[in-house]
2 protein chains.
Amino acid sequence: MGLLGRVGGSAALFQAAGLLGVTAMPVQAAPKRLTPVPGKGPKVLILGAGISGLTAAYELGLAGYRCTILEASHRPGGRNLTVRHGDFIDELGNPQYCRFDDKPHLYLNCGPARIPASHTGLMHYCRELGVALQLFSNDNRNCYTQDDAAFGGKPVRLAEYQADIRGFMGELMAKSLASAQHLDAPFDEADLGQLQEFVRLYGDLGADLKYRGTERAGLVSGGFVDPEMLKKPNRFSDLMRSHYWAGALHFAEAADQAPAMMTPVGGMDRVVQGFLKHTADKIRLKAQVQKVWLDEQGVEVSYLHGGQQKVERADYCLNCIPTHIMAGIDNNFPADYRQVLGAVQRGKLFKIGFQAKERFWEKEGIYSGISWTNQDITQIWYPEHGTFEQKGILLGAYSWDPTIADRFAAMTPDQRLKAALAQGSKVHPDYAQYMENGVTVCWQRMNHMLGCSSYWPEALLADGFKRLQAPAGRHYMVGDQISFHPGWQEGAIRSAWHALADIERREGQRAREAA
Amino acid sequence: MGLLGRVGGSAALFQAAGLLGVTAMPVQAAPKRLTPVPGKGPKVLILGAGISGLTAAYELGLAGYRCTILEASHRPGGRNLTVRHGDFIDELGNPQYCRFDDKPHLYLNCGPARIPASHTGLMHYCRELGVALQLFSNDNRNCYTQDDAAFGGKPVRLAEYQADIRGFMGELMAKSLASAQHLDAPFDEADLGQLQEFVRLYGDLGADLKYRGTERAGLVSGGFVDPEMLKKPNRFSDLMRSHYWAGALHFAEAADQAPAMMTPVGGMDRVVQGFLKHTADKIRLKAQVQKVWLDEQGVEVSYLHGGQQKVERADYCLNCIPTHIMAGIDNNFPADYRQVLGAVQRGKLFKIGFQAKERFWEKEGIYSGISWTNQDITQIWYPEHGTFEQKGILLGAYSWDPTIADRFAAMTPDQRLKAALAQGSKVHPDYAQYMENGVTVCWQRMNHMLGCSSYWPEALLADGFKRLQAPAGRHYMVGDQISFHPGWQEGAIRSAWHALADIERREGQRAREAA
């Protein structure tokens, strides 16, 4: 038993956990490249030019497979959508053009916007395709939390909230330690002293283990040529009345959201452009699939293109079409496969971007990061790039709550922008005066997409996931929708790799049988 | 009394604290510009071309004062020192040349390296002088903590350590909440439920408020095409045996170190270069002050320059020479002023930089941030810039512990590099094979500096700070050394502003008296 011995049930639990858990973060290097196929390679038809389709086309191309991508939209990239000056936003019923000024730093990532280092597939392609990265900030303590129910509705700096809650928790833990009945033997005075010191440091408590405020919260004044003056701690009741503790406070602890996060310099679609350098000639845009038919030799796909009905045959088909859309397209998939396909649900996600005439947030000491509010807009993101430029693009709303997304989906773009301005004004009182040229993207209404990430209810995940992950004949459903990371580009990449590995296995088997 | 009521002594404390502490972070905008002086303005002699001297020269120049900066070293910038290919490191007894390859991304910030947004003076100059900024990462959860006394000496990811310690603390708090005697009335079932939910989210505990591991720690495997497999929690005794809890764990909570941190694109000396665009013609390099003499009309300074004794007179003198060096230079300062000047102590700070042939840390999922070890090297910093380049500059040691600094100061540069390689190898086993072209900077031996930040023991701060902050005649001691932020450029800037404001006050008074 170690220096500190048992502390309540925890130590028992840690002991029960067994051996020392020193494990490296699983860092998967480059994908195993496909074995090159000799001569005129097999033909693969890819439905959808999102990240999974582009990944597949890129890898298949390197190995000598023949590929065609049919993409229903006017653009490749799927939900990897970065809008700039003049771009068309193809939302059904709400078509919009982006009116941002024509400057390199004025863009909005409407879909994915950040990359954690643990997404090693995407990091691999960024490296290989020359996509420069910069740091992204999920957790800027100078940003605000705002809740109508707390602090009189006024925004509070995250640093202040977090420092106070740590102070309170530190006191609570110190109290707990002081009561011997909480501590199982063996636990001696030295152990207790060490744990108390930890708690003191944790909460920045006084020597008496009481919290009286801390410089961590930011100062009222001083600290440079005058002595520092600490803020008074907030009332604990106010801290707990705020919604912030119930989720957002812990947001940047999540494996996918913890620092250091990264993002491509110049916009997330740099990833798409990287793939396009190698795959652009394989893509047929505005090609809308109408029928997917499996047979023993392969797959036949009928689609509309330029007003004409066309048919394409291939040895394999990688199908990236959203499951709920594919379920409505004519097919002869096996019944069990069709059943799962039709049962996968869809998330809803909604973003609003504004061009700000002036980077007013910099005057408030904010240079990147996220403010949180319990209003529908949920988040305000400040750009991590373009510091000190005159203008900037601010994410003025980002919600993944289906109820909120439905509310915004029912509004016109103008109504959405007005709502976002009114709500944002509770975080930044002068907000509205800085804003111009807003865009709104409601993924559940975006053409050819009609939703965001797949959502697998637990029972379906247990029963149906492996079925849909496996091929039906020579047809594979792929994309982040067929991964444990829906809504992330890494899920799309890994799903593509998963299907490609199976195609390679089959091609190897065929070659051995032919030999 | 609020929704949650009292929780032990904490709520009482929060109540005692009085009113709602909703205060904005004090964001001081631009400095008040000096009132322009008419005609041939007063002459100001500035001793030292570090950040405080450059700030003063810049502001005085804008207002029409005549300025000369005498700088003892061969370069301006003071401790704002960024070394690149070919640069000379003027350490007494250990002169070195920087042998990094000649590439823009291969540099080492030997002094200041990061900027918090609350340092509004420096941010103001970055904006005004065109210094582009990027995010800097103090807290990358993919970095390691390594301690010979814990985890068998093996490095553990910060994410893993932090997730486990939160799990344990969450359990401890839950236990405390379950014991009613810790909770003062009024505290009802609903309050308790809310607080328990908070604790559950905090530690990512199970519904039974037990910790069994979390994805926050990083996964053993899965999560993309296979279900995720959680790491087993480490033993609590191992977590507490590590030095990490006793400081470094809380490092990025500090106001000056909390996210979002920033750094100039291209190196911290971009700040110096920004000032030099406006002040370079005022600087006399290699001018070593030998005597500072005050009289009623102003200040007379004798100095050595090009082998010759020279004398310069001025209406005012801003003296940025380190206090402990100035105390040894001939002067006629008042006795009380001299006494404080001689009593200020000096910190010791030590950095080692290596050029890495390969950015091996990226293969481990590290793209910026700091690893911690209880060995003398203390920290390893991975560059936040140059991602995916072949080479990179790694900070292989950074200590501000005077005992450690003394140990390194006594070694030759070669011995220091060998020690840093041996110690770094405990964090990254293959470390040494990647390293080439190291440089070492021991500030206590750096010419004309002989130490780092000022250190004011508490009694001296109470008695002597205001005395040294006030002028002696027309002579002002300035620099970060005369601030509550020694070791930070913001301290230097604010100290310069403080002296300039007093000069302006005196000039205004003189003008009114003359009128």
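Across the identical copies, the 7 Å label point of A:R212, projected outward along Cα→Cβ, sits 4.4 nm from its counterparts, in ascending order.
Kirkwood's formula applied to the C-alpha pairs of the range A:78-167 gives a hydrodynamic radius of 17.0 angstrom.
Using Cα-only point scatterers and the Debye equation, what is log10 of I(q)/I(0) for the range B:302-448 at each q in 0.08, 0.10, 0.12 Å⁻¹, rounded to two decimals? Here the Debye-derived log intensity ratios amount to -0.36, -0.52, -0.65. Within the range A:452-474, what residues put their amide N at less than 17 Å from the label point 7 Å along the Cα-to-Cβ vector of A:I325? Under cut-off, by backbone N: A:452-455.
Of all DSSP-defined beta bridges confined to chain B, some 75% are antiparallel rather than parallel.
Label points for A:K154 are taken 7 Å from Cα along Cα→Cβ. From this copy to the others they lie 5.1 nm apart, shortest first. Between the beta carbons of B:A207 and A:V265, assuming R0 = 35 Å, the FRET efficiency works out to 0.20 to the nearest 0.05.
Look at the stretch B:255-267: the mean tally of other chain Cβ atoms within 10 Å of its residues' Cβ atoms is 5.
For the set B:E358, B:E490, B:E312, solvent exposure ranked by accessible area (probe 1.4 Å, protein chains only) runs largest to smallest as B:E358, B:E312, B:E490.
Counting protein heavy atoms only, the range B:150-241 has 53 percent of its accessible area on carbon and sulfur, 1.4 angstrom probe. Taken residue by residue and averaged, Cβ atoms of other chains lying within 10 Å of the Cβ of B:357-366 number 3.
Once A and B are treated as a pair rather than alone, how much accessible area drops out, both sides summed, in Å² to 100, probe 1.4 Å? Kindly include the intermediate steps, with their values, before the conclusion.
Details: alone 24010 and 24010 Å², together 37710 Å².
Approximately 10300 Å², summed over both chains.
Normalised by the number of residues in chain A, the average gap of Cα pairs under 8 Å and 6 or more apart makes the relative contact order 20 percent. Reported to the nearest whole Å, the Cα centre-to-centre distance from the range A:199-213 to the range A:288-342 is 63.
Peptides A:282-288, B:240-246, A:367-373, A:108-114 ranked from most to least packed give A:367-373, A:108-114, B:240-246, A:282-288, packing being the mean of other C-beta atoms within 10 angstrom over each peptide's residues. Excluding same-chain neighbours fewer than eight residues apart, the lysines reachable from B:K291 by a Cα-Cα span under 29 Å are B:K40, B:K43, B:K282, B:K310, B:K348, B:K466. When Rg and Dmax are taken over the Cα atoms of the protein assembly as shown, they come to 31.1, 107 Å.
Hey, got the average number of other protein chain Cβ atoms within 10 angstrom for residues in B:214-222?
Values: counts 3, 4, 8, 5, 8, 5, 5, 3, 2.
For this peptide, the per-residue mean of nearby foreign Cβ atoms is 5.
Each stretch of four or more DSSP H residues adds -39500 (n - 2.57); spread over every residue of chain A, this sum gives -9500 deg cm²/dmol at 222 nm. Using the empirical formula 2.2 N^0.38 Å as the baseline, the Cα radius of gyration of the range A:150-241 reaches a ratio of 1.27. Under the simplified labelling scheme, the A:R127-A:A410 pair shows an inter-label distance of 4.9 nm, with each label point 7 Å from Cα along Cα→Cβ.
Using the Kirkwood formula over every pair of different C-alpha atoms, what hydrodynamic radius in Å results for the range B:386-488?
Values: mean 1/r = 0.0592 Å⁻¹.
The answer is 16.9 Å.
In this calculation the C-beta distance from A:N447 to A:Q308 is compared with R0 = 25 Å, giving a FRET efficiency of 0.80.
The same position B:D226 in the other copies lies at 6.2 nm from this copy, comparing label points 7 Å beyond Cα toward the beta-carbon, shortest first. Counting only Cα atoms, the size of chain B along its three principal axes is 79, 62, 39 Å, in decreasing order.
Accessible area of B:I482 (1.4 Å probe, protein heavy atoms only, ligands and nucleic acids ignored): about 0 Å².
The values are calculated or read from the model by the stated rules, or taken from the named source; none is laboratory data. All figures in this text were calculated on a predicted structure; none of them were measured in a lab. Here the Cβ is made from the backbone with ideal geometry for all residues, glycine too, and neighbour counts use every protein chain on show. Side chains are part of the model used for accessible areas, which takes the heavy atoms of the whole protein and leaves out ligands, DNA and RNA. Shrake-Rupley method; radii C 1.70, N 1.55, O 1.52, S 1.80 Å.
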